[in-house]
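The values are calculated or read from the model by the stated rules, or taken from the named source; none is laboratory data. It should be emphasised that the depicted structure is a prediction, and the values quoted were computed from it without experimental measurement. Cβ atoms come from the backbone with ideal geometry, glycine included; neighbour counts cover every protein chain shown. Just the protein is used for accessible areas: all its heavy atoms, side chains included, with ligands, DNA and RNA removed. Shrake-Rupley method; radii C 1.70, N 1.55, O 1.52, S 1.80 Å.
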Amino acid sequence: MKATVTFNRIGLYSYTPYLYIWGAQWMGSSFLQYLWPLDPHGTIRNVLLGAAVVLSALFLWRGAGKDSPAVSAKASVEISAETTAPASVPASTIGWLLPAAIAAVLLAAVLLLVRMELVSPLAAELLRAVVLAVLYIGIGASLGRELVYLGLWLLVLSAVLGVWYLGYAPIVLGFSAGASLLACALIFRFWSKASRG
C-alpha cells in the first residue's frame, strides 16, 4: 500500500509567512556575520533565531485550528485511496505536518552534524543550501518550473562557492538562500492569485 501525496499550488500559499520569517532570519544572520564587529559574540543572531522560532510557533498555533489552505485536505494535499495513514489521522493534519516534519528533520540533521564536528560550519552552510535547492527542484518538478529554476540557481551558486570560494559560503550562501525563501514566498503568492482568478 502506497500513499500518494501531491501538493497543489493553492495549498502552498499558506506557507508564505514561514518563508518570509525564515528568509529574513537567514539573511539577517548572514549579514551580521559579514558585519561581525556589530555582533561579535552572536547575540543578535541568537535573538533573530529565537524570534523566528517564536513567530513560526505562533503562526503554526494560529493556523492549526482553522480551516485554512494549509490544513484543508482539498487545498493542501490529495491522498490516494491506497493510503496507509491511520483512519484517526485526518488528511488535513497530514497536510500541514508533512512539510513541518521534513524541515525539522533536515535542520536537526545539519545541527547534529555540526555539533558532532563531523561537518565544519562552512560546509554546513553549503549543505543547508544544497538541501534547500534539492527541495525546490523536487517540489517544482510537479508544480512549476519557477521553483526548478530557483533550485538550479541555488545549486549552481552552491557548487561555485563550494569549489572556489568556500570561505564566503556563510555570507553569500546564507544571504542568497534567505533571499530564495523570500522569492519562493512571492512565487507561491503569484500562483495563488493566478489559481483564484
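Explain nothing, just the number: relative contact order of region 140-197, from Cα pairs under 8 Å at least 6 residues apart, as a whole percent. Could the numbers behind the result be given before it?
Numbers: 20 pairs, mean separation 18.1, N = 58.
Relative contact order for region 140-197 comes out at 31 percent.
Protection proxy ranking for 115-127, 135-147, 177-189, using the average of other Cβ atoms within 10 Å per residue and placing the highest first: 177-189, 135-147, 115-127.
In the context of the full protein assembly, Trp22 retains an accessible surface of approximately 70 Å², using a probe radius of 1.4 Å and ignoring ligands and nucleic acids.
Summary of packing: across the peptides 165-173, 13-21, the per-residue average of other C-beta atoms within 10 Å ranks them, highest first, as 13-21, 165-173.
Over region 105-197, with every protein chain in place, what whole percent of the accessible area is carbon and sulfur at 1.4 Å, could you tell me?
Numbers: 3800 of 5220 Å².
In region 105-197, the share of accessible area belonging to carbon and sulfur is 73 percent.
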